[in-house]
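Visitor: Mind having a look at this structure? Questions to follow.
Derivation of every value follows stated rules applied to the coordinates shown; laboratory data play no part. Given the structure is predicted, the values throughout are model-derived calculations rather than measurements. For neighbour counting, all protein chains shown are included, and Cβ atoms are generated from backbone atoms with ideal geometry for every residue, glycine included.
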Amino acid sequence: MNKSPILIFILALFLLMVNVLSADGIFKWRAKNGTIQYGDKPPQNIHAQPLSLPAITIIKNYKDQWKPLEPLKNTAPSITNKTVTTRKNKRSQAVTPRYTSLKFLAPKPNQVINAKDGDVSAMISIKPPLQKMHKILFSLDGKKIRSSKSRVINFQNLPAGNHQVTVKIVDPAGQTVMQTNALSFQVKR
């Protein structure tokens, strides 16, 4: 086996990493044809404006979000995994357990988010995992945004100010199985 191609690849990768790490920041400038350009090395003899990028939202203790939780106290009889025969079709079907937890991982309650473009992501945790027949319904400021299986949604071009997001788990008939309280956050642009 010839080691020189592997050595060349590793050396090229190292040089690329050094080049990226030595960047002085991100700049914005207008090219000769009038278009706006962005980059880490503006051309010489052109006035480039340094940009300050918004801080990255970091979810602290993310791994701790997945620890088993205590089941919710409920006065209704609990449903366990068992087989039930219906009268209509005399067919057996499995009854699945209820959800024990539905909560936001991001954004945090009353979080101020610096989003120059107005894009904000929301992420939820569901225990136990979402059942195949159910969907997740996100609402922003009282308006239905999307119904899907995804636990993450990206709200685009939000105006500056206060916003509220809620999430529901719905069954095939559109009935609410479980929902969160409204979570408030603020967007700064």
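Visitor: Counting Lys and Arg as +1 and Asp and Glu as -1, what is the net charge of the other residues whose Cβ lies under 12 Å from the Cβ of GLN37?
Guide: Value of the local net charge: +3.
Visitor: Modelling each spin label as a point 7 Å along the Cα-to-Cβ direction, I'd like the LYS149/ILE56 distance in nm, to one decimal.
Guide: Each label point is offset 7 Å from its Cα along the Cβ direction, giving 2.9 nm.
Visitor: Right, here's the next one. If you count, for each residue, the other Cβ atoms within 10 Å and average over each peptide, how do 160-169, 33-42 line up from highest to lowest?
Guide: Final packing ranking: 160-169, 33-42.
Visitor: Taking K and R as +1 and D and E as -1, what net charge do the other residues with C-beta under 9 Å from the C-beta of MET178 add up to?
Guide: Overall, the nearby charge balance is +2.
Visitor: What nm value, rounded to one decimal, do you get for the distance between ILE26 and ARG189 when each label is placed 7 Å out toward the C-beta?
Guide: A separation of 1.8 nm, rounded to one decimal place.
Visitor: Find how much the distance from ILE46 to ASN181 grows on full extension, using 0.36 nm per residue of separation minus their present alpha carbon separation; answer in nm with one decimal. Show your work: numbers first, answer last.
Guide: Values: separation 135, 0.36 × 135 = 48.60 nm, distance 5.17 nm.
Answer, rounded to one decimal: 43.4 nm.
Visitor: Turning to a different aspect of this structure: Starting from the Cα of ASN162, step 7 Å along the direction of its Cβ; do the same at ILE36; then give the gap between the two resulting points in nm.
Guide: In this crude spin-label approximation the distance works out to 3.1 nm.
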